[in-house]
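Working notes, beginning with the structure itself.
The values are calculated or read from the model by the stated rules, or taken from the named source; none is laboratory data. Source: prediction; values computed, not measured. Don't worry about glycine lacking a Cβ; one is built from the backbone with ideal geometry, like all the others, and counts go over all protein chains shown. What goes into the accessible areas is simple: the full protein's heavy atoms, side chains included, and nothing from ligands, DNA or RNA. Shrake-Rupley method; radii C 1.70, N 1.55, O 1.52, S 1.80 Å.
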Amino acid sequence: MGTTPDGRQATPFNDAAWAAREVIELLEVLWERGRDAVSTAPVSSSQLRALYVLEREGGISLGRLGRLLGAAPSSVSRLCDRLQALGFVERTPRPANRRQVETRLTGKGEAYLLDLRVRREEALLAVIASMPPTQRNALTHGLNGFRTAVDDLLLPARARPGEEDSQSA
């Protein structure tokens, strides 16, 4: 039996562990380079996460936003204060209970996220276009294999996209 690139005895587990370390390191490097290539200014990464949550969830309470972000209410309130000062979010009383406040993206916040996505897509397209076709195909094949492995490992059989519930047959 051979050895892994880091010199350990090759076993399915050691091979997978080596590959996992390599993927983690590559993703960290790519993430940093991506952040450098396409700035998220004027928002921080925490604020950007909040904007994505608000985009996905629509109008929600600060408490729910905090739970989804895993952040303390006081931190979420300050974060939203800054986003509101930028004009990216608005907080309004809920129609059903005017004592509760609903936080949602503004048109300016939606435009910011759209522009950021366009800039990120352009940067990614430039990189992928510079790759030889065989490497692009390998990247696509590898990412599809990764998605399949995640689905197989983490999703219950009946929750997998495109598969019917075998119990209903």
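Here is how the numbers come out for the structure above:
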{"quantity": "Selection status of D81, of a type in the set (D, E) and farther than 17 Å from K108 by Cβ", "calculated": "no"}
{"quantity": "Any hit, the stretch 136-159, residues being touching a strand residue (DSSP E or B) at 6+ places or on another chain (Cβ under 7 Å), modelled with pLDDT of 85 or more, part of a helix (DSSP H, G or I) and open to solvent by 60 Å² or more (accessible area, probe 1.4 Å)", "calculated": "no"}
{"quantity": "Count of the stretch 68-113 residues which are part of a helix (DSSP H, G or I), surrounded by 16 or more Cβ atoms within 10 Å (Cβ to Cβ) and of a type in the set (D, E, K, R)", "calculated": "1"}
{"quantity": "Pick from the stretch 11-34, criterion at pLDDT below 75 and more than 17 Å from the chain's Cα centre (by Cα), ranking: farthest from L68 (Cα to Cα)", "calculated": "T11"}
{"quantity": "Complete set of residues in the stretch 48-67 that are more than 21 Å from G107 (Cα to Cα) and open to solvent by 30 Å² or more (accessible area, probe 1.4 Å)", "calculated": "G63, R64, R67"}
{"quantity": "Test: residue in the stretch 35-47 that is at pLDDT below 90, within 19 Å of the chain's Cα centre (by Cα), open to solvent by 50 Å² or more (accessible area, probe 1.4 Å) and among the basic types (K, R)", "calculated": "yes"}
{"quantity": "Single residue of the stretch 56-80 satisfying the filter (closer than 13 Å to S46 by Cβ and out of contact with any helix residue (DSSP H, G or I) (no Cβ under 9 Å at 6 or more places or on another chain)) that is modelled with the lowest pLDDT", "calculated": "G70"}
{"quantity": "Of all residues in the stretch 49-67 being in contact with a Ser or Thr (Cβ under 9 Å, 6 or more places away or on another chain) and part of a loop (DSSP other than H, G, I, E, B), the one that is nearest to V89 (Cα to Cα)", "calculated": "G59"}
{"quantity": "Check on E122, in a helix (DSSP H, G or I) and open to solvent by 60 Å² or more (accessible area, probe 1.4 Å)", "calculated": "yes"}
{"quantity": "Test: G109 is modelled with pLDDT of 90 or more and under 27 Å from D36 (Cα atoms)", "calculated": "yes"}
